[in-house]
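Visitor: My questions will all concern the structure given below.
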Amino acid sequence: MQRLEVDESDRSGEFGEELNGLAETVQAARRGEAEAWDRLFERFHPDVHAYALARLGDWASAEDVTQEVFVAAVASIPRLRDHREPAVQAWFLHICRHKVLDHLRRSARQSRAPAPATNATADPQTVLETRLLAEELRAAMRDLTEEQRDILVRRFVLDQSLEAVARGTRRSVGAVKSMQHRALASLERLLSEASWG
Amino acid sequence: MRSEERLERLLAAWHDESRRPPRGDPRDRARAAMHQARRAAGTAHSRRPWLLLGPRPGPRRALLAGVTMVATAIAVIGVLGWNAPAGSPLFQVRAVRQGIQLALPGSNAAALHLGFAEADLADAGRGENAAPSLQDARNELAAARAVLPSDRTSPLWGRYEDDISSLEADREKIEGEGPTTPGGGATGEPATSEPEQSASPSPPTEPEQTSSGATASPAPEGGGDSEGSSGQRGSGSGSGGDG
């Protein structure tokens, strides 16, 4: 199983010196400079959006949550101490995770039909099939713990390394590995039961 | 299909669906909302009181502001009361300062009391609360008399006698001008232990509490010589560590 036996070598350098000026960008953002916020938005919006969409499965909700994340980031950036990229990304995802949970609590009270994904360039049949498969996985993931879901998004949607997930979730690498293993085993069992049932 | 293979397929679909590029309009709205929040935060920051420095006011900053204000108030009171004349509301500050000077190790109590008395005489000469200043000068001279060296040739004795003469001269001058203190007795006429008016200045004989906290003891014998009655504040006011 190629995807589950994750090759760490292709992820080892992903947080290198890609954005040398990120610390300066964060400092400028703390001073309220518009250009700095634009740079942060460009850099981290895709990750935040992907995290929200992976968790919620609904484009409209994911877009709402993504917007809430960047608004909340403006207020909480004075508390961001570490200005290196992994820490800044972890900070955005931390806010995003809380916003997702807030959204799920709200939507549990008022159900909203998922908005269909629109992508003019993709084949509608492929889009629909992908969506159904993803929805099946999300349904199975409801039986996992919140921490397991969080780790699976970081590992299999954001393609983060074990080390990056460990930093972002403030756990040891061993603990992340163990949680991932248990989560995948649970998903396999759940999918197997579903296919037999 | 094996469950492991199926899980792999589902994870791939999940990845692909979640990683599709965000739609343009919602993305632009999110960016606009972020900038609106940024502008609002900047406005709120600029409206913050100057004492609450930094990005976020909190208990520590409020405490810092409070401590700063109290320290500033204490400093202002200290500066204003440093040389406040006797009878003024801030005279207690000066009395405390003089008490500290006397308590410092190695201080010359006689010289300090004489200095305090001369400062009082200078205040009275300038018309600043003349009666209370003369009263305090009297008390300081009594305290000085109690600790003057037994050697009558000491220069401190000369200062003391000059100050006694000045005290008498000022008292007479103020008495000549009539009462100036509303409601009280005659100005320059202390209620207790008034120095004798004679060519030989004699110190106050009753122990009294001075502004600097020392208790003046009765004058020892032999203090009533007639030497050095110059009638001037020859030693210079404010000397002896005052000011």
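Taken together, the values in this text are just the output of simple stated rules run on the coordinates, not laboratory data. For clarity, every value in this text was computed on a predicted model and none was experimentally measured. Glycine gets a Cβ as well: all are built from the backbone with ideal geometry, and neighbour counts include every protein chain shown.
Visitor: So, by mean Cβ neighbours within 10 angstrom, what's the order for B:100-110, B:157-167 with the highest one leading?
Guide: B:157-167, B:100-110
Visitor: Right, next: Kirkwood-based Rg over Rh for region A:49-98 (C-alpha set), two decimals?
Guide: Working: Rg = 11.2 Å, Rh = 11.2 Å.
Expressed as Rg/Rh, it is 1.00.
Visitor: Here's a follow-up. Could you tell me the relative contact order of region A:18-76? Use alpha-carbon pairs under 8 Å, at least six residues apart, and round to a whole percent.
Guide: Details: 25 pairs, mean separation 12.6, N = 59.
Computed value for region A:18-76: 21 percent relative contact order.
Visitor: Between residue B:36 and residue A:128, what is the spin-label point distance in nm, taking each point 7 Å from the Cα along the Cα→C-beta axis?
Guide: Each label point is offset 7 Å from its Cα along the Cβ direction, giving 3.7 nm.
Visitor: So, one more: Please state the shape class of region B:64-164: rounded when a/c is under 1.5, otherwise prolate if a/b exceeds b/c and oblate if not, all from the C-alpha gyration tensor. Numbers along the way, then the final one.
Guide: Details: a/c = 3.66, a/b = 1.75, b/c = 2.10.
Oblate shape, in that a/c is at least 1.5 and b/c is the bigger or equal ratio.
Visitor: Still on this structure: Going by C-beta contacts inside 10 Å, put A:68, A:193 in order with the fewest on the left.
Guide: A:193, A:68
Visitor: I would also like to ask the following. What is the mean number of Cβ atoms from other protein chains located within 10 Å of the Cβ atom of each residue in peptide A:149-159, rounded to a whole number?
Guide: 2
Visitor: Efficiency by 1/(1 + (r/R0)^6): what FRET value for residue B:100 and residue B:173, r their Cβ-Cβ distance, R0 = 41 Å, to the nearest 0.05?
Guide: Once rounded, the FRET efficiency stands at 0.80.
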